[in-house]
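All remarks here apply to the structure that follows.
Read-outs: derived from the displayed coordinates by stated rules, not from any lab. Remember, predicted model here, so these are calculated numbers, not experimental data. Positions of Cβ are generated from backbone atoms using ideal geometry, with glycine treated the same way; all protein chains shown enter the neighbour counts.
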Amino acid sequence: MNFNGHGVWAIYRFEMARALRTIWQSVVTPVITTALYFIVFGSAIGSRMEAIDGVAYGAFIVPGLIMLSLFTQSIFNASFGIYFPKFTGTIYEILSAPVSSLEVVIAYVGAAATKSAALGLIILATSTLFVPLQVLHPVGMLAMLVLISVTFSLFGFIIGIWAGSFEQLNFIPMLIVTPLTFLGGSFYSINMLPDVWRAVAHFNPVVYLISGFRWTFYGQGDVPIGISVAATMGFFVVCLAVVMWMFKTGYRLKS
């Protein structure tokens, strides 16, 4: 079967247009929230804290803040994108259209990842208004930004298919992902923790993503960059496999 580029572009364009219609929720609100984090943590608290691994605290939290917004927005955009057709019943039109399951995933996940990555870059630009920044590995930073955006968009896509209600749609992001992000070194280095809690933190998968992204800025992280990349790629492969299984079996898509 030939790749249906027109079908993929149609779905992708529709999802991007939806983001533009909700520009306040999609872009402005996360940027304002991040600015408040900088004011509270970067200025009020950061001015009273010593540098972490030679990096000023205000600058140290930038990668974590970007990841916090990236995780949230990737999951929200992808989960809502596929859940809404289920809710309205238009999912059957998509399933009966001449597009394969892989093409549907590429369109929805691609749109969600595009929006999330763009938001991450906007927040990065915003952060330069508050703290001096350096990015030692800009290519690596962009690569990690895209990879994490795609991975969490796939994860959000899984949640959107699984969810049977709007309450379930918000359950995992609010009660699982957000706490793991705050406990994953967004605002501190896990090396600052006591030995026992540092060992426990290594079981938090978000630690590896944030550490890898922070490495691209300052050349150092809580775990080696190779392990961070491997963990991120592993999460990506697992999410992709689950999504393809859902389409193959019709799990919560055809009922």
Might you check whether a residue that is under 20 Å from residue 68 (Cβ atoms) and not in a helix (DSSP H, G or I) occurs anywhere in region 204-214?
yes
If we keep only residues of region 115-133 that are among the polar types (S, T, N, Q) and in contact with a helix residue (DSSP H, G or I) (Cβ under 7 Å, 6 or more places away or on another chain), then the residue nearest to residue 219 (Cα to Cα) is 127
Here the residues within region 189-220 that are free of Cβ contacts under 8 Å to residues at least 12 places away in the same chain and more than 21 Å from residue 152 (Cα to Cα) are 193, 194, 195, 196, 197, 198, 199, 200
message = Within region 175-184, does at least one residue satisfy the condition of being over 13 Å from the mean Cα position of the chain (by Cα), small (Gly, Ala, Ser), over 14 Å from residue 76 (Cα atoms) and exposed (fewer than 14 other Cβ atoms within 10 Å of the Cβ)?
response = no
So, first residue surrounded by 14 or more Cβ atoms within 10 Å (Cβ to Cβ) in region 232-255, second residue of a type in the set (Gly, Ala, Ser), Cβ within less than 6 Å, six or more apart or across chains; the pairs are 247/101
Taking region 134-150 and keeping only residues that are more than 14 Å from the chain's Cα centre (by Cα) and surrounded by fewer than 17 Cβ atoms within 10 Å (Cβ to Cβ), one is left with 134, 135, 136, 137, 138, 139
*Quick one: is residue 164 within 30 Å of residue 37 (Cα to Cα) and either of a type outside the set (S, T, N, Q) or surrounded by fewer than 21 Cβ atoms within 10 Å (Cβ to Cβ) (or both)?*
no
